[in-house]
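Student: Before I ask anything, let me first share the structure, which is written out below as structure tokens.
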């Protein structure tokens, strides 16, 4: 009898026990996020800060555990949402059927209070933006997941009802979409886009006809209906006018019958597949006006679109954070030629560069969130700016992280990165492509009040560092960038129109550099010192600022100076450890 020979190809190898970032507390591992939470909660009471950190940490644990598992399980063929047109006896029901895993994922996050913590009786504090949007950012570490887009829709509608809804609407609908214990888990939708209009909402053809009872009947179609559910915001042109109104539509009428709409088909989109996107026809659907009808587009922009763009910026940033976590985890397992791949200078340099880009994007996003909450004029620039840069950076970072895993990177069930990349591409398109968004940024920069607050913001951000010798090279570099940026606006209108993407890219570079300079200098300034809940190695932020300067000077994935930070292995290792 021949001796049995073990198959050497089936023996354990370097990544046999690799599980990526599964099981990790996503909040506790993210030092940059912790620092942002500390910075923007500096004036909270100690009890509020402690409870908020505990709440974020608890959600970070859920996301790395059961919510990660449910997201993986619900993103497989046969598990995606489907349309059920009729019940068993032929009645039209136009219902969306989700898998149990998807429904459970939504329920866990909803019940945890990620959009409605201020409606929880057990929560004894306010629910400020830093807390609300830190949760949204963390949620997106699992990708869109069939939850984060519905979260954005629900958040926007809650905001709209609070700001412009009638008392009757608030009393009727807020308990449904935000109430503690409600069974409607992020089931708010947004139906605005039509085939004819695209981003040009004013060109849409759906009409609204006023009824004697004060309600409206809508007749038309909607091309992108995100998250069809219980309640949604929509737009229509008021009969006999060119004025677009904003309306609220419930799936069911007061008598319990299905409202007059038909779900035509499910969109076959490349990303954000966990939640269903559909095409719908309005055949006299009953609607309520939301806010003054004549202010429809203005109200849409300042409530629904504003919330959605904030979520896209933070969501894309969360996508790229998870992609980097996966690449970092993989590099600690994978070996080549007798050593871990993160020991190779080219690999390490690329990984750290991705970490730097993502970290500074996170810092910039939470500054945008601050201005959104303060309702400054500068938010008109920063919200579209961060929507554009976060999503475009996320696509680049996710693709680069995928390549860090080699051939394993393109396998959909090896890591979440392929799904994260597809979600990032959706974020680039959602709420305006780059050309649309850059136009909105340029329009904001043309306003004197925005420009004034912009210059005040930059000046305040670099103020502490300006008098500290160790930052002198950074300050000179910053002022050179700013001078070149200002000169761009002396060109002709035609030139600025043709180069607006370039101008907005440079706008982000100046803004983000000013913020990382502020972080680097903060511990030198006794007057503005923040009590950090977590310990931070302050020299990291000085290294981060100088590394970012080098990236801006020579380009992403480009030349590395012989005397620059990327050639200092000790500092590179320190950044790699801190930002992983």
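The values are calculated or read from the model by the stated rules, or taken from the named source; none is laboratory data. In this text the structure is predicted, and so the values were computed from the model without any measurement. Quick reminder, even Gly has a Cβ in these numbers, built from the backbone with ideal geometry, and neighbours come from all protein chains shown.
Student: Tell me, yes or no, whether segment 193-203 has at least one residue that is closer than 21 Å to residue 158 by Cα, in contact (Cβ under 8 Å) with a residue 12 or more places away in the chain and surrounded by 15 or more Cβ atoms within 10 Å (Cβ to Cβ).
Tutor: Within segment 193-203 (the criterion being closer than 21 Å to residue 158 by Cα, in contact (Cβ under 8 Å) with a residue 12 or more places away in the chain and surrounded by 15 or more Cβ atoms within 10 Å (Cβ to Cβ)), the answer is yes, since at least one residue qualifies.
Student: Any residue at all in segment 381-390 that is surrounded by fewer than 21 Cβ atoms within 10 Å (Cβ to Cβ) and touching a helix residue (DSSP H, G or I) at 6+ places or on another chain (Cβ under 6 Å)?
Tutor: no
Student: Show me the helices (runs of 4 or more DSSP H) entirely contained within segment 430-500 in which 3 or more residues are farther than 30 Å from residue 269 by Cβ.
Tutor: 448-466, 472-488, 493-498
Student: Does residue 467 qualify as being surrounded by 12 or more Cβ atoms within 10 Å (Cβ to Cβ), modelled with pLDDT under 95 and not assigned by TED's automatic domain parsing to the domain that holds residue 39?
Tutor: When the stated conditions are applied, residue 467 passes them.
Student: Given (1) more than 20 Å from the chain's Cα centre (by Cα); (2) modelled with pLDDT of 95 or more; (3) within 30 Å of residue 294 (Cβ to Cβ), identify the lone condition not met by residue 118.
Tutor: The one condition residue 118 does not meet is (3).
Student: Residues 419, 367: which one is buried (at least 22 other Cβ atoms within 10 Å of the Cβ), out of contact with any helix residue (DSSP H, G or I) (no Cβ under 7 Å at 6 or more places or on another chain), in a helix (DSSP H, G or I) and in contact (Cβ under 8 Å) with a residue 12 or more places away in the chain?
Tutor: The match here is 419.
Student: Against the condition part of a strand (DSSP E or B), more than 18 Å from residue 158 (Cβ to Cβ), over 34 Å from the mean Cα position of the chain (by Cα) and not assigned by TED's automatic domain parsing to the domain that holds residue 157, how does residue 209 come out, does it pass?
Tutor: In short, yes.
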